[in-house]
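Presented below is the structure to which this report refers.
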DNA sequence: GACCTGCTGCGGATTG
């Protein structure tokens, strides 16, 4: 028997709508997703790039399923962004109008009236966020059942954005709790970018589940690639002058000439750099006497300014280029762009893939990526990173891995016990109090989000939370909120699983431009760059947390701090093979090729092929070529054996002891010969382990477990030490 | 440690 074409499986009114919209054919993922979603009895993960029609691949069959039922069913769509919900609402409403299925957006900006309409007749499509769902569980625990009893599907958009985060753990928990309230399994459909291992995305969508994976045909990337190198002269020796910063200007000039007249995206890796380049490019437009076409976009700019940039990109009769952070990495609709620029090393292979995927969407158009790399001029004082041209090699390794279609596997090992604290307090709110055993079953039993946490550990958590007045127990054994817990749960900030810094609002003549984290203090009279323009600080109000500014001219150093991300072992391995290789990098300009040659020369001069340790004066550098999680774990292992070690870019830096290099080798052998220590032992001397929102409410032993699960690859570090020992035994 | 994301209920005033 042959399967009928997917199109014929869709409900009649949906087919009519598609005819009306003049769809010529279904996309590959749609063709394959429709037959598995229509019956409504399987979990499905759809992996494809932006604009390959993932949303329709989920909604067309899900709505078909709804129409084939009694018409009273509900589809819950969960998105990480309000902006995405608003986008989706516009698109879905047109389709659903014809089907007589209501669509309700439900998030923090939606009015009570609109929410009330859904409450009165909860069916159709509900578009919401994890936080709004959390609020429903907390404030209307008793109505969750009546709201959601007819749910046929949960669709999670941008699944990859949830994996490996405390917010993702919260989502898993909410979906699990939802099914426990309703008393049955609800099919889950996850929409994800292409990931290194899609089955891990499935394991995230439903722990211990068995999803159908629908992955987009690996269509070859028609990539046009250019890497340009820029050399920055060193600051003067007396050090009282600002660094010259010629290179960023040269990069801005190249961006200006190669991008004006088309739509593009520029990713300089930090808000600070976004401001710097947006400002330079705006000035260049002024000098050239043309209307500005370069717009900034980042998370601290006000919604209005961001909307202005998105609008500029979308409109047809003028061109625009956005200088942006990862705010434009997710699926917000900004249309196709001609090219993408990456300044400095991309944060990860997966993120670079998402970014470049914004270009070359129209048939026949290539994907254009320009990568700009600044390195300091070499002299006899240059440090190891400069000599090795590390940033250039990291950029190259990341780009090559992308062209080889390798991506970081999603990080699913994190325990995120911070979120266990939240979910436990939320359960108390939902049920008006809960027994410890019931809570343990809901949160930690097989298939639950915190599966694997022992009863003893759970009890230790409850005791600790009680000691902090977060919870208390009544005479019947029922657990309730304590004084502190009551206050926390009854504030709206409780619903988010993640923290954010306290921020100052930047205001000019009554209009909010955006916000700044408080870490940077400002004085009046200072000039700042914000929203691509220069402002004079008139007044800083520490009570209202408002910075009043007025427009001014001239530039000064922008705000925000910069830095790096977490690097996977595979990227470091690829860097090493690039150092060892001889073949030319033929998609780089002369200067970038020069950096490659200089890096390789340094690598061979320092004999890094054979060396494990390198004398750095006061420190010894242990070269591992592992990822950050491996390096950090090795630093912990060495610390536990009495050294003073910390993870750095190429390995672990160890403070020199009287025994010198031999002593360090001894310690590595020691690590290799001993069994892997328990996490408690490993992190016994570590402090400052709190990273997530409720980490402060965890007992030390659980904080250590949670930290280790997120940041340390102990097995990898131990295996590395063993491999060193084995190599020495055989020579 | 880069980047990013999200948020209720209620009371009181104002308006149609």
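One residue stands out among those in the stretch A:358-392 that are farther than 17 Å from residue A:224 by Cα and part of a loop (DSSP other than H, G, I, E, B): the one that is modelled with the highest pLDDT, which is A:389. For beta carbons closer than 6 Å, sequence separation of 6+ or different chains, a first residue in the stretch A:108-132 that is assigned by TED's automatic domain parsing to the domain that holds residue A:155 and a second that is more than 10 Å from DNA strand B (Cβ to nearest atom) and modelled with pLDDT under 90, the qualifying pairs are A:123/A:72. The single condition among (1) in contact with a helix residue (DSSP H, G or I) (Cβ under 8 Å, 6 or more places away or on another chain); (2) surrounded by fewer than 20 Cβ atoms within 10 Å (Cβ to Cβ) that residue A:100 does not meet is (1).
Looking only at the stretch A:653-690, residues that are touching a residue at least 24 places away in the same chain (Cβ under 8 Å), within 13 Å of residue A:636 (Cβ to Cβ) and under 34 Å from the mean Cα position of the chain (by Cα) come to 12 in all. Assessment of the stretch A:608-625 against the conditions (surrounded by 15 or more Cβ atoms within 10 Å (Cβ to Cβ) and assigned to a helix (DSSP H, G or I)) yields no matching residue.
If you scan the stretch A:642-679, which residues turn out to be over 24 Å from residue A:389 (Cβ atoms), within 16 Å of DNA strand B (Cβ to nearest atom) and not in a helix (DSSP H, G or I)? Selection gives A:645 alone. For the stretch A:134-172, filtering for residues that are out of contact with any helix residue (DSSP H, G or I) (no Cβ under 7 Å at 6 or more places or on another chain), within 9 Å of DNA strand B (Cβ to nearest atom) and assigned to a helix (DSSP H, G or I) leaves 2. When the stretch A:574-628 is filtered for residues that are touching a strand residue (DSSP E or B) at 6+ places or on another chain (Cβ under 6 Å) and more than 28 Å from residue A:668 (Cβ to Cβ), the ones remaining, listed by number, are A:587, A:588, A:589, A:591, A:592, A:595. Taking the criterion of being away from DNA strand B (no atom under 16 Å from the Cβ) and either over 20 Å from residue A:7 (Cβ atoms) or outside the structural domain of residue A:25 (by TED's automatic domain parsing) (or both), the residues of the stretch A:52-93 that qualify are A:69, A:70, A:71, A:72, A:73, A:74, A:75, A:93. A residue that is surrounded by 20 or more Cβ atoms within 10 Å (Cβ to Cβ) and not in a helix (DSSP H, G or I) occurs nowhere in the stretch A:632-641. Hey, any hits in the stretch A:173-184 for a residue that's modelled with pLDDT under 95 and closer than 29 Å to residue A:94 by Cα? No: zero hits.
The values are calculated or read from the model by the stated rules, or taken from the named source; none is laboratory data. Predicted, not measured: the structure shown is a model, and the values here were computed from it. Every residue, glycine as well, gets a Cβ built from its backbone with ideal geometry; the counts of neighbours run over all protein chains shown.
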